[in-house]
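**Q** Before we start, here is the structure in question, set down as structure tokens.
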Amino acid sequence: MPTDSAERSLHPDRDGLNPPAEARARLAAQLLADLDMHHARVEDLPVAPPVDPADLRTRVEAVDLETPGELDTTLATCLGLLADATVHTTHPRYFGLFNPTPTFAGVLADAAVAAYNPQLAVWSHAPAAVEVERRLIRYFGARAGYDPGRVAGSFTTGGAEANLTAVLLALTRAFPSYAEHGLRALPAQPTLYASTESHLAWLKIAHACGLGREAVRLVPHDDRLRLDPDRLEAQVAADRAAGDAPFLAIATAGTTGCGALDPVEQLADVCDRQRLALHVDAAWAGALVLSDELRPLLGELARADSLTIDAHKWLSVPMGAGMFICQDAQGLAETFRVQTSYMPSGEVDDPYLHSIQWSRRFIGFKLLLSLAMIGRNGYAAHMERDMASGEALREWLGRAGWRVVNDTPLPLVCFTHPHFDGPGADEAHTQLVAEIQGRGTAWLSTVRVRDQTAVRACITSHRTTEADLDILVEELELARRTVGVRR
Ligand SMILES: *Cc1c(COP(=O)(O)O)cnc(C)c1O
């Protein structure tokens, strides 16, 4: 017979792991009510509350991790922490960095995924979830112009992982010995190409996969901040003449800083001539494939070997939900192949054999549920509205004497004020943004454009209305005067 204490250790009280039904129902209802209240009042909070790091750490340390506690009090404490010390990306006047107010369907889907906790490494463990993701990848591939029968790819944690996948696939395709012997075995240094305006995850990716950061050749942009095809071709030729091995070019369809749309067709022509793979990083603006009217802005995506589209940006599902999309199932299988004795395998493609992740969360559900609720046309209308808001903001800024310094139809506006021209202009625009952030009524940021600091405002939340744009505009005028007086 086991002793009492052995009994306890073999059969610990499981209430903490799974409270009784009544407590579960009460806690879940409480959380929903709290979230609803937060949704209603976030507008009254400072978009970016000031945070004292020492005070915050003290509050975090105060959560007792040693002894069992009451979930409702800890939950309340932690929701308080989130409310007090988070940039409220769900605020309608968050004009920020592509972090959306999430769709309600997406929030519900993420909760359902957490509860079912399907394991998507192999098809046989989560057939329903894997098929949902396959359908979505095929759907977005087809909307981008790929042959639906050939579309391959996977959901990723985000754009950075999708872009890493693009590099690994392109290396595997371009250099047959890379898979077994690595980059060291190659006679020449592989190089890849993106614009100086591209997302610099490329540097981390090159570092991580052993190419080295210098393998990323950042090609100067043209006068519209787009990757210049002629300069790309010249750089590729020069590198090849110097003994390097160019293998991949990246077009960014909607750059992070300025929303520039690289000319995909012309870049595809260069890649054809120079025998390079082409990846289109459309992490943010790739959502436009859902709109028949706006899709042409992205260029002929079907000419790219692979694509990155983030659903957690313009499609407004909760983070993280990236997509890597290509037409080379065989190449992916070659890149991520592995054999184990312990993984169950089946006749159908297993996700862990064509992507970098092993254990996989059901990322696609929040996109499926959102699309099913909003509809492709609903999403198209949402993006068309954002485009119109961006246009309205550009017009207002122009009328009020600001100078728009980026060149894009997308709802991302970078601007400066001639009032601050001359020495100290960068500092003045930095101060202006700090002034607005400090007041807490709106959030926008700075960005470097053509070696100048500009103010950057991106229509990011589906909760943003015309009234919010009016407030932004007032805030800009107010801050401009305040900073102007101080100078
Ligand atoms: C956001 C972004 C990325 C990185 O994506 P994450 O989802 O943040 O990993 C890559 N490229 C572009 C153009 C982006 O805007």
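The values are calculated or read from the model by the stated rules, or taken from the named source; none is laboratory data. Note that the coordinates shown come from a computational prediction; the quantities given were computed from them, not determined experimentally. Neighbour counts run over all protein chains shown; Cβ positions are idealised from the backbone, glycine included. The accessibility values were calculated without ligands, DNA or RNA, using every heavy atom of the protein model including side chains. Shrake-Rupley method; radii C 1.70, N 1.55, O 1.52, S 1.80 Å.
**Q** For the chain, which whole percent of the accessible surface, found with a 1.4 angstrom probe, sits on carbon and sulfur atoms? Present the calculation step by step, with values, prior to reporting the outcome.
**A** Working: 12640 of 23180 Å².
Reported share for carbon and sulfur atoms: 55 percent.
**Q** Next question. What ranking of Val236, Val63 comes out by heavy-atom accessible area, probe 1.4 Å, highest first? Please list the in-between numbers first.
**A** Details: Val236 0, Val63 35 Å².
The ranking, largest first, comes out as Val63, Val236.
**Q** Hey, another quick one. May I ask you to evaluate 6.51 cos²θ - 1.76 cosθ + 1.60, the Karplus curve with θ = phi - 60°, for each residue of region 156-167 and list the ³J(HN,Hα) values in order in whole Hz, giving x for glycine and proline?
**A** In residue order, the calculated couplings are 10, 5, x, x, 5, 5, 4, 5, 4, 4, 4, 5 Hz.
**Q** Taking each pair of distinct Cα atoms in region 343-487 once, what is the resulting Kirkwood hydrodynamic radius in Å?
**A** Details: mean 1/r = 0.0553 Å⁻¹.
In region 343-487 this quantity evaluates to 18.1 Å.
**Q** Let me ask another. Considering only protein heavy atoms, what is the solvent-accessible area of Leu200 at a probe of 1.4 Å, reported in Å² to the nearest 10?
**A** Around 80 Å² of this residue is reachable by solvent.
**Q** Using only helices, what value at 222 nm comes out for the chain when you add -39,500 (n - 2.57) per DSSP H run of length 4 or more and divide by the total residues, to the nearest 500 deg cm²/dmol?
**A** Details: 15 runs with 211 residues, N = 487.
Taking each H run of at least 4 residues, the total per residue is -14000 deg cm²/dmol.
**Q** Further question on the same structure: Leaving out ligands and nucleic acids, note down the accessible area per residue over the chain with a 1.4 angstrom probe, in whole Å². All intermediate terms of the calculation are to be shown ahead of the outcome.
**A** Working: 23180 Å² over 487 residues.
Per-residue accessible area for the chain comes out at 48 Å².
**Q** Check which residues have an amide H placed less than 5 Å from Gly322's amide H, if you skip close sequence neighbours.
**A** Those qualifying (amide H under 5 Å, at least 5 residues apart or on another chain) are Thr156, Thr157, Gly158, Ala311.
**Q** What does the highest-first list of 283-290, 392-399, 476-483, 324-331 look like by mean Cβ count within 10 Å? Display every interim value, and only then the final one.
**A** Details: 283-290: 27.2, 392-399: 15.8, 476-483: 18.1, 324-331: 21.1.
Most protected by this proxy first, the peptides run 283-290, 324-331, 476-483, 392-399.
**Q** In whole Hz, with x marking every Gly and Pro, tabulate ³J(HN,Hα) for region 117-134 from phi via Karplus 6.51 cos²θ - 1.76 cosθ + 1.60, θ = phi - 60°.
**A** 6, x, 9, 9, 4, 10, 4, 5, 7, 8, x, 5, 5, 5, 5, 4, 5, 4
**Q** List, largest first, the extents of the alpha carbons of region 32-180 along their principal axes, each in whole Å.
**A** So the three principal-axis extents are 54, 39, 33 Å.
**Q** Evaluate 2.2 N^0.38 Å with N set to the residue count of region 143-210, then give the Cα radius of gyration divided by it.
**A** Details: Rg = 13.9 Å, N = 68, 2.2 N^0.38 = 10.9 Å.
In units of the 2.2 N^0.38 Å rule of thumb, it is 1.27.
**Q** Not counting ligands, DNA or RNA, and with a 1.4 Å probe, what is Asp426's accessible surface area in Å² rounded to the nearest 10?
**A** Result for Asp426: roughly 60 Å² accessible.
**Q** Kindly report, to the nearest 10 Å², the accessible surface of Glu61 as traced by a 1.4 Å probe over protein heavy atoms only.
**A** 150 Å²
**Q** Still on this structure, please answer the following. How many percent of Cα pairs in region 187-293 exceed 19 Å? Please list the in-between numbers first.
**A** On the way: 2338 of 5671 pairs.
Result for the distance tail: 41 percent.
**Q** Can you sort Thr453, Thr74 by 1.4 Å-probe accessible area, starting with the largest?
**A** Details: Thr453 15, Thr74 50 Å².
Most to least solvent-accessible, the answer reads Thr74, Thr453.
**Q** Next question, about the same structure. If you average over every viewing direction, what projected area does the convex hull of the Cα atoms of region 424-472 give, in nm²? Walk me through the intermediate numbers first.
**A** Details: hull surface 15.0 nm².
Its average projected convex-hull area is 3.7 nm².
**Q** How much of the DSSP bridge set in region 279-365 is antiparallel, in percent, rounded to the nearest 5? If you can, show how the numbers build up before the last one.
**A** Values: 5 of 8 bridges.
DSSP beta bridges in region 279-365 are roughly 60 percent antiparallel.
**Q** Can you give the Kirkwood hydrodynamic radius of region 314-401 from its Cα pairs, in Å with one decimal? Show your work: numbers first, answer last.
**A** Working: mean 1/r = 0.0592 Å⁻¹.
Mean inverse Cα-Cα distance, inverted, gives 16.9 Å.
**Q** Stokes-Einstein diffusion coefficient for region 5-107 at 25 °C in a medium of 0.890 mPa s, Rh from the Kirkwood formula over Cα pairs: what value in µm²/s?
**A** Value of D from the Cα-based Kirkwood radius: 149 µm²/s.
**Q** By the gyration tensor of its Cα atoms, with a ≥ b ≥ c the square roots of the eigenvalues, what is the shape of region 94-171: rounded for a/c under 1.5, prolate for a/b over b/c, or oblate?
**A** On the way: a/c = 1.58, a/b = 1.09, b/c = 1.44.
In terms of gyration-tensor shape, oblate.
**Q** Taking amide H atoms as placed 1.01 Å from N in the peptide plane, list the residues 5 or more away in sequence, or in a different chain, whose amide H sits under 5 Å from that of Ala152.
**A** So Ala152 has HN proximity to Cys326, Gln327, Asp328.
**Q** Still on this structure, please answer the following. 5 Å is the cut-off here: which amide hydrogens, built 1.01 Å from N in the peptide plane, fall below it relative to Ala245, excluding neighbours closer than 5 in sequence?
**A** For Ala245, the qualifying residues are Gln189, Thr191.
**Q** With N denoting the number of residues in the chain, provide Rg(C-alpha) divided by 2.2 N^0.38 Å, to two decimal places.
**A** Working: Rg = 24.8 Å, N = 487, 2.2 N^0.38 = 23.1 Å.
So the chain has a normalised radius of gyration of 1.08.
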